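Asks: Here it is, the structure, as structure tokens.
A short reminder: the numbers here are calculations on the coordinates, not readings from a lab. None of the values given here were measured: they were computed from a predicted structure. When we count neighbours, we look across all protein chains shown, and the Cβ atoms used for this are built from the backbone with ideal geometry, even at glycine.
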Amino acid sequence: MNDHYFFTSESVTEGHPDKVCDKISDAILDDILSKDKKAHVACETLTTTGLVLVAGEITTDCYSDIPRVVRDTLKEIGYTNPEYGLDSQDCAILTSIHEQSREIAQGVNEGEGFFTEQGAGDQGLMFGYASNETDTLMPLPIYLAHRLTERLAFVRKEGLLPWVRPDGKSQVTVEYKDDKPIKVGKVVLAVHHDPGVQDFMRKVLADEVIKPVLGNWADDNTENLINTTGVFIKGGPEADTGLTGRKIIVDTYGGMGRHGGGAFSGKDPSKVDRSASYMARYIAKNIVAAGLARKCEVQLAYSIGKAEPVSVYVDTFGTGKDLDYETLVRDLFPLKPKEIIDHLDLIRPIYKLTAAYGHFGRELPEFTWEKTDKVDAILAKLG
């Protein structure tokens, strides 16, 4: 094992074009789930200058005013000025929606398919990860990267730095020794801004965004790289086309843990890309919280239409106790799609909250997969 290394993770603000699309897709999902708990939603969004395109497969008995949801979401993010290249009031909105394939539906709907139980909405493999590097049991690089982009949104929306615009990115490089984080080596910040602030913005951003977030993780040798092209006036969808599902590593563990490949946003919880990834995080977090390992990764894999996972794998990277983790997980955690949905209470309009600043590591009441309420059961099982 390399005992001295640097690891880097990035985050993006809710005004980044890809995150705009994630948030719109999840806002539409929330709107539908608030009216129809049996709906099946796979909603994709694209945005570019002056345009939002929503497409996908939606089966529901309710009506969703998708253009209204899109405009409300853009307004909430902060795209309210034509100068930003996308304005919530005046942008064009196109939709292309059709029903979910009936061949998929019969495998997902309980009692209709080859198997009688509700099956997985697709084949695939999902990962969950946890590490004791932070109180939320997330890797430190992605945790700090998210807090930086959250802080960027805060200083903009609260008017502390009114010249900050919605788009932005962060990147944090953490130095590790003996497999433990010791300090932040470099911070990269790209901040969408109004004209005329280039001369003073770097010092202000260092003082108002970076220092409050990094705290003691930074020292005199920490290097801040802020808007290193010199200017970032043209941003958002005007500068970069956005798509749902293009920031899956930002959404998860910043590259520290693996990712199965499937995106989350815009998908209802019958899609195991989303629900099983949440369960895998829940399992990994409870294993670490129970003191069985310093870090843990869980893989679940499914076949479309089948309820039981085709495989369960747990890796503690040499930091864990010598246990039969697969049996422990199968005995204590619900792994079938319907069980996951019920246990984590996933059929609720909670998903717009997940769309920016990480699906994991934020201990909000809505994020049931962040609970560590299985620790006592794990310890009791092990005697």
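Asks: For the stretch 221-338, what is the convex hull volume of its Cα atoms per residue in Å³?
Replies: Measuring per residue, one finds 150 Å³ for the Cα hull of the stretch 221-338.
Asks: Need one word for the stretch 270-374: rounded, prolate or oblate. Basis is the Cα gyration tensor (sqrt eigenvalues a ≥ b ≥ c); a/c below 1.5 gives rounded, then a/b vs b/c decides.
Replies: Cα axes put the stretch 270-374 in the oblate bin.
Asks: Run the Debye formula on the Cα coordinates of the stretch 17-108, all scatterers equal and no solvent, and tell me log10 I(q)/I(0) at q = 0.14, 0.21, 0.26 1/Å.
Replies: Log10 of I(q)/I(0), two decimals: -0.49, -0.97, -1.34.
Asks: Let me ask something else about it. How much net charge surrounds D87 when only the other residues with a Cβ under 11 Å from the Cβ of D87 are counted, with Lys and Arg +1 and Asp and Glu -1?
Replies: Neighbourhood net charge equals -1.
Asks: Here's something else I'd like to know. Considering only the stretch 151-230, what is the antiparallel percent among its DSSP beta bridges, to the nearest 5?
Replies: Around 75 percent of the beta bridges assigned by DSSP in the stretch 151-230 are antiparallel ones.
Asks: Of T45, T136, T319, which is the most mobile in a GNM of the chain whose springs link Cα atoms less than 10 angstrom apart?
Replies: Result for the chain, Cα springs under 10 Å: T319 fluctuates most.
Asks: Please arrange H146, H343, H16 by counting, for each residue, the other beta carbons lying within 10 Å of its beta carbon, fewest first.
Replies: Arranged by neighbour count, lowest to highest, H146, H343, H16 become H343, H146, H16.
Asks: Kindly give the semi-axes, whole Å and largest first, of the ellipsoid equivalent to the chain, taking each as the square root of 5 times a Cα gyration tensor eigenvalue.
Replies: Whole-Å semi-axes of the equivalent ellipsoid: 34, 30, 14.
Asks: A follow-up question, please. Net charge within 13 Å of L161 by Cβ-Cβ distance, Lys/Arg positive one each and Asp/Glu negative one each, not counting L161 itself?
Replies: +2
Asks: Would you calculate, for the chain, the mean residue ellipticity at 222 nm contributed by helices, counting each DSSP H stretch of 4 or more residues as -39,500 (n - 2.57) and dividing by all residues, to the nearest 500?
Replies: -8000 deg cm²/dmol
Asks: Considering only C-alpha atoms, what is the centroid distance from the stretch 23-85 to the stretch 155-173, in Å?
Replies: Measuring centre to centre over Cα atoms gives 24 Å.
Asks: Right, something else. Highest mean first, how do 227-240, 248-261 rank when packing is the count of other Cβ atoms within 10 Å averaged over residues?
Replies: So the peptides 227-240, 248-261, ranked by packing, come out 248-261, 227-240.
Asks: Past the 25 Å Cα-Cα mark, which pairs from K35/K374; K180/K336; K295/K374; K19/K183?
Replies: The pairs that break the limit, which is 25 Å between Cα atoms, are K35/K374; K180/K336; K19/K183.
Asks: Still on this structure, please answer the following. Positive end of the dipole of the stretch 149-256, charges at C-beta (+1 Lys, Arg; -1 Asp, Glu), about the Cα centre: which of H193, S170, A239 has its Cα farthest in that direction?
Replies: A239
Asks: Can you pull out the chymotrypsin sites (Phe, Trp or Tyr not before Pro) in the stretch 1-108 that DSSP calls coil and that have at most 11 other Cβ atoms within 10 Å?
Replies: The qualifying sites are Y63.
Asks: With r as the distance between the Cβ atoms of E208 and N81 and R0 = 22 Å, compute the FRET efficiency 1/(1 + (r/R0)^6) and round to 0.05.
Replies: FRET efficiency, N81 to E208: 0.50.
Asks: Using amide H atoms built in the peptide plane, which far-off residues or other-chain residues are under 5 Å from I304 H to H?
Replies: For I304, whose amide H was placed from the backbone, the distant partners under 5 Å are Q123.
Asks: Given a 10 angstrom Cα cut-off, can you work out which residue in S303, S131, S170 is the most mobile in a GNM of the chain?
Replies: Evaluated over the chain, the most mobile residue of the options is S303.
Asks: Counting only other residues whose beta carbon sits under 15 Å from that of G358, what net charge do I get with K and R as +1, D and E as -1?
Replies: Combined, the nearby Lys, Arg, Asp and Glu give -1.
Asks: Continuing with the same structure: Residues of the stretch 136-177 with the amide nitrogen closer than 14 Å to a label point 7 Å from the Cα of T228, along Cα-to-Cβ, please.
Replies: Under 14 Å, as judged by backbone N against the label point of T228, lie 169-174 of the stretch 136-177.
Asks: Among E366, E326, E44, which one shows the biggest mean-square fluctuation in a GNM of the chain, springs joining Cα atoms closer than 10 Å?
Replies: E326
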